[in-house]
Amino acid sequence: MNFTQAVSTVFSKYAVFTGRARRSEFWWFVLFNAIASLITGTIDQALFGYEVLSVVYGLAVLIPGIAVAVRRLHDTDRSGWWLLIGLIPVIGWIVLVYWYASEGTPGTNQFGPPA
């Protein structure tokens, strides 16, 4: 899956919390978010001096970001509720990044067939 396919897949599944997401889909979307955040932040500083576009963009991608993270956890055969482990400072984020980077379950798991 390439960059444009991944981003369009995430936005086409805007609030879909079922199914599975491949590593490439998740990480391309993370890269897209990082680039878009840098661009909106730069425009905000140049035009407004405070965050306007960044907040609007953040709210627009909040739900699809959570949805793709849940689907990524499903690919590793974990419940989406494991996303809450990220509330634990440092250790929680390390665990989540490890799970996001690990290979998905081969074949069908309890969350469905591979994406």
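Odds and ends about this structure:
- When each of PHE11, PHE111 is scored by the number of other beta-carbon atoms lying within 10 Å, the sequence from fewest to most is PHE11, PHE111.
- FRET efficiency, SER102 to ILE39 (Cβ-Cβ, R0 35 Å, nearest 0.05): 0.70
- With contacts taken as Cα pairs under 8 Å at a separation of at least 6 residues, the chain carries a relative contact order of 32 percent.
- Entry note, the chain: the mean residue ellipticity at 222 nm calculated from DSSP H runs of n ≥ 4, each adding -39500 (n - 2.57), is -20000 deg cm²/dmol after division by the residues and rounding to the nearest 500.
- Length released on extending from SER24 to THR4, taking residue separation times 0.36 nm less the Cα-Cα span: 6.1 nm
- The label point for LEU47 and the one for SER79, both projected 7 Å from the Cα toward the Cβ, are 4.3 nm apart.
- Charged side chains reduced to their Cβ positions (Lys and Arg at +1, Asp and Glu at -1) give the chain a dipole of some 280 debye around its Cα centre.
- The Cβ shell under 14 Å around ARG20 holds other residues with a net charge of +2, Lys and Arg each +1, Asp and Glu each -1.
- Between helix 3-12 and the chain: long-axis angle, C-alpha atoms, 0 to 90°, nearest 10: 80
Computed from the coordinates by the stated procedures, all read-outs in this text should not be read as laboratory data. A quick note: this is a predicted structure, and the numbers were derived from the prediction, not measured. Heads up, the Cβs are rebuilt from the backbone with ideal geometry, glycines too, and the neighbour counts pull from every protein chain shown.
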